[in-house]
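No lab work stands behind these numbers, since they all come straight from the coordinates. Being a predicted model, the structure only gives us computed values, none of them experimental. All Cβ positions, even for glycine, are placed from backbone atoms using ideal geometry, and neighbour counts span all protein chains on display.
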Amino acid sequence: MLNINPVSTKNWMYLNEHFSYMKDVKMFDLFLHNKFRFKELSFIFKDQIIFDYSKNIITLHTINLFVNLLKEINFSNYLKFMLLGGKINVTENRSVLHVALRDRNNFFFNEGNNFSKIKEDVENNLKKMELFTNSILKGELTGFSGKKILNIVNIGIGGSDLGSRMVINALSDYKNYLNIYFISNIDVSDLKNVLNKVNIENTLFIVCSKTFTTLETISNAKIVRDFVINFYDRNESSISNHFVAVTNNLREAKKFGINVNNIFFMFDWVGGRFSLCSSVGLSICLSIGFDNFLQLLDGFHDMDVHFFSCDLSKNIPVIFSIISIWYNNFFKFDVESILVYKNNLSYIPLYLQQLLMESNGKNVDRNGNYIKDYFTSSVLLGGVGTDVQHSFFQFLHQGTKCIPCDFIAEICSDNNIDNSHFKLMSNFFAQTHSLAFGDIKLKKHFSKGKYNFLNKFKVFKGNKPSNTILVKKITPYTLGSIISLYEHKIFTQGIILNIFSFDQWGVELGKNISSLIFQNLLHKKNSNLDKSTDGLVNYFNTKFK
Ligand code: F6P
């Protein structure tokens, strides 16, 4: 593999030269001089989703220069190596094969490349999820007292929580009668809120943790286990009916008391934040049924196929990654935003925060050098439109920083009561337009010198970039395709930026120090860390009642 500092490449130098011209270019002029711009810089995926990236400060030449950069760093070899099971998660010595989870037609993995064991594992796992889901939905698997399961509670955090939470919320229209709840936070109020709502007799808990050692998850799961056993007069056999595990750590799950038949395996070669197509998606499967879960996988898969086979200059995940690097590293726009114009998509920004920032928030390159001369991940900000129009959009339009945005919405909605969907969508279109072009009328006024003090505050300068993802309808299939797009976007960025996107060492120090401080709080002792933290721990110890 080539592990090249991107800044040292020939094409980065050409991009720098290109930038010195592009930095002053206005999108208004780009559209004025190219009447085919929308057609050239947009892509229709499977007649279901249009990706419009024409409202960016880029030209086809920008894309071509990045494509040349990708060739210079041997991008396609990296992809091949990944698909061959190469251990591209170097610092954890792991392959990265989440693509195999949704390869139901053996497009990537077949006998030829010796993946029969992986294929078999994936198929068996899916079969187990199908049988389990159907048994719960048919009422064959019941609670300890024989009552039908009506509530599912997923106990997990990060990648073992956010993906399922996001998908289940996004696909609310596909939900069956099961109530799905999530417990993630170590703050017990999260757990209490859920336990107050459910009857234990009708409730199944999924302890979802790849490692089965994550403090929040195991601590919460133990509290719930005790609660369940107490409910059944300390009868430990009840665990079998009310708990399943999703994990890579069979030993710890068994030790916890979970029946081995109730353990869904999580493969070592799937990273937590890339795992929603694995058995981590069990709560999704239960919520929308197995057939819809397969549709979700197929949506992921079709975008995988697009990513691995489409020409780079028309490859949507590649283009999205190029655009992001272009802004973060050349324009120095270091924040990007995801704006979803459908309430049920509200968890997408949170989910993508982990996907992007845990993957690419790195400061050491693949050669082990500290990165000094370029930027890795941007910061991700997001929310639901139109709500956020009434909070941070002021900043987007008139702040001194420029924040490129991705706008996501659906065309066909069941919610057009009193034209509400049209009202929503007119806001959606209005925002991308006004960010890009500002207030053209006022600007004309300005240029004729007809302005006064107050007008200055009212001017929208525009030239704020955005991508638009307009989906015919949010279905399991289209949602899968969109999430897969972001997975590959982030992966591509990681390759270009010469970092390892699949580890997360940055979360370890906080975990270690918190376990030291935990002892100090238990025993009311000083923490001996630094004067500020010692002072705060002391204050806590004296005041805690
Ligand atoms: O601490 C970060 C992290 O390791 C994430 O990468 C992961 O998604 C989350 O914790 C949960 O981990 P686990 O599934 O092992 O409980």
- request: Highest first, please rank the peptides 101-109, 537-545 by the mean number of other Cβ atoms sitting within 10 Å of their residues.
  value: 101-109, 537-545
- request: Could you calculate the contour length gain from Leu509 to Thr542, that is, 0.36 nm times the residue separation minus the distance between their Cα atoms, to one decimal place in nm?
  value: 9.3 nm
query: Where the centre of each part is set by its Cα atoms, how far does the stretch 37-79 sit from the stretch 346-415, in angstrom?
result: 19 Å
- line: Taking a ≥ b ≥ c as the square roots of the Cα gyration tensor eigenvalues, with a/c under 1.5 meaning rounded and otherwise prolate when a/b beats b/c or oblate if not, the stretch 163-212 comes out oblate
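Hey, what does the equivalent ellipsoid look like for the stretch 388-530, semi-axes from the Cα gyration tensor as sqrt of 5 times each eigenvalue, largest first, whole Å?
Details: eigenvalues 354, 139, 69 Å².
In descending order, the three semi-axes are 42, 26, 19 Å.
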message: Give me the tail of P(r) for the stretch 99-142 as a percent: Cα-Cα pairs with distance above 16 Å.
response: 45 percent
message: Show me the ranking of peptides 241-251, 155-165, 42-52 by mean Cβ neighbours inside 10 Å, starting with the highest.
response: 155-165, 241-251, 42-52
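What is the ratio of the Cα radius of gyration of the stretch 66-133 to 2.2 N^0.38 Å, where N is its residue count, to two decimals? Could the numbers behind the result be given before it?
On the way: Rg = 14.9 Å, N = 68, 2.2 N^0.38 = 10.9 Å.
It is 1.36.
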field: Helix runs (DSSP H) in the chain reaching 27 Å along axis by Cα, Kyte-Doolittle at least 0.0
entry: 290-309, 476-496
task: For the chain, calculate the relative contact order in percent as a whole number, restricting contacts to Cα pairs under 8 Å that are 6 or more residues apart.
output: 18 percent
- request: List the relative contact order of the stretch 144-215 as a percent without decimals, with contacts defined as Cα pairs under 8 Å and 6+ residues apart.
  value: 51 percent
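So in the chain, what percent of DSSP beta bridges are antiparallel if you round to the nearest 5?
Numbers: 11 of 44 bridges.
So the antiparallel bridges in the chain amount to around 25 percent.
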message: Across the stretch 317-364, what fraction of all alpha-carbon pairs, as a whole percent, falls in each successive 5 Å bin from zero upward?
response: 5, 16, 21, 29, 18, 8, 2, 0
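Considering only the stretch 324-427, what is the antiparallel percent among its DSSP beta bridges, to the nearest 5? Walk me through the numbers on the way to the answer.
On the way: 1 of 11 bridges.
If we restrict to bridges inside the stretch 324-427, about 10 percent are antiparallel.
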message: Taking amide H atoms as placed 1.01 Å from N in the peptide plane, list the residues 5 or more away in sequence, or in a different chain, whose amide H sits under 5 Å from that of Phe243.
response: Phe205
- request: Using amide H atoms built 1.01 Å from N in the peptide plane, name the residues 5+ places from Tyr181, or on other chains, whose amide H lies under 5 Å from its own.
  value: Ile152, Val153, Asn154
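Between Ser240 and Thr211, what length comes free when the chain is fully extended (0.36 nm per residue of separation minus the Cα-Cα distance, one decimal in nm)?
On the way: separation 29, 0.36 × 29 = 10.44 nm, distance 2.06 nm.
Full extension of this stretch gives 8.4 nm more.
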field: log₁₀ of I(q)/I(0) at q = 0.16, 0.18, 0.19, 0.21 Å⁻¹ - the stretch 1-121, Debye sum with one point per alpha carbon
entry: -0.98, -1.04, -1.07, -1.13
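Could you work out the mean projected area of the convex hull around the alpha carbons of the stretch 244-308, in square nanometres to one decimal? It would help to have the intermediate numbers written out before the result.
Working: hull surface 20.4 nm².
Taking the Cα atoms of the stretch 244-308, their convex hull projects to 5.1 nm² on average.
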- request: In whole Hz, with x marking every Gly and Pro, tabulate ³J(HN,Hα) for the stretch 257-270 from phi via Karplus 6.51 cos²θ - 1.76 cosθ + 1.60, θ = phi - 60°.
  value: x, 7, 4, 4, 5, 9, 9, 9, 7, 10, 6, 4, 8, 10
task: Determine the relative contact order of the stretch 412-545: mean sequence separation of Cα pairs under 8 Å and six or more apart, normalised by residue count, in whole percent.
output: 15 percent
message: Through the Karplus equation 6.51 cos²θ - 1.76 cosθ + 1.60, θ set to phi - 60°, convert the phi angles of the stretch 375-384 into ³J(HN,Hα) values in whole Hz; use x for Gly and Pro.
response: 10, 8, 6, 7, 8, 10, 10, x, x, 9
field: the stretch 1-63: C-alpha gyration tensor shape, a/c 1.5 cut-off, then a/b vs b/c
entry: oblate
query: When the Debye formula is applied to the Cα atoms of the chain, each taken as the same point scatterer, what base-10 log of I(q)/I(0) results at q = 0.07, 0.08, 0.09 Å⁻¹?
result: -0.45, -0.59, -0.74
message: Kirkwood hydrodynamic radius, computed over distinct alpha-carbon pairs, for the stretch 182-239: how many Å, to one decimal?
response: 11.9 Å
- line: Between the alpha carbon centres of the stretch 81-104 and the stretch 219-271 the gap in Å comes to 28 Å
message: Full-extension gain between Phe38 and Ser532, please, as 0.36 nm times their residue separation minus the C-alpha to C-alpha distance.
response: 172.3 nm
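What fraction of the Cα pairs in the stretch 200-357, stated in percent, has a spacing above 21 angstrom?
Tail of P(r) above 21 Å: 61 percent of Cα pairs.
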Sequence-distant lysines (8 or more away, or on other chains) whose Cα lies within less than 18 Å of Lys35: Lys26, Lys55
- prompt: What order do you get for 225-238, 258-271 when each peptide is scored by the mean count of other beta carbon atoms within 10 Å, highest first?
  reply: 258-271, 225-238
Three-way shape call for the stretch 293-430 based on the alpha-carbon gyration tensor, with the a/c threshold at 1.5: oblate
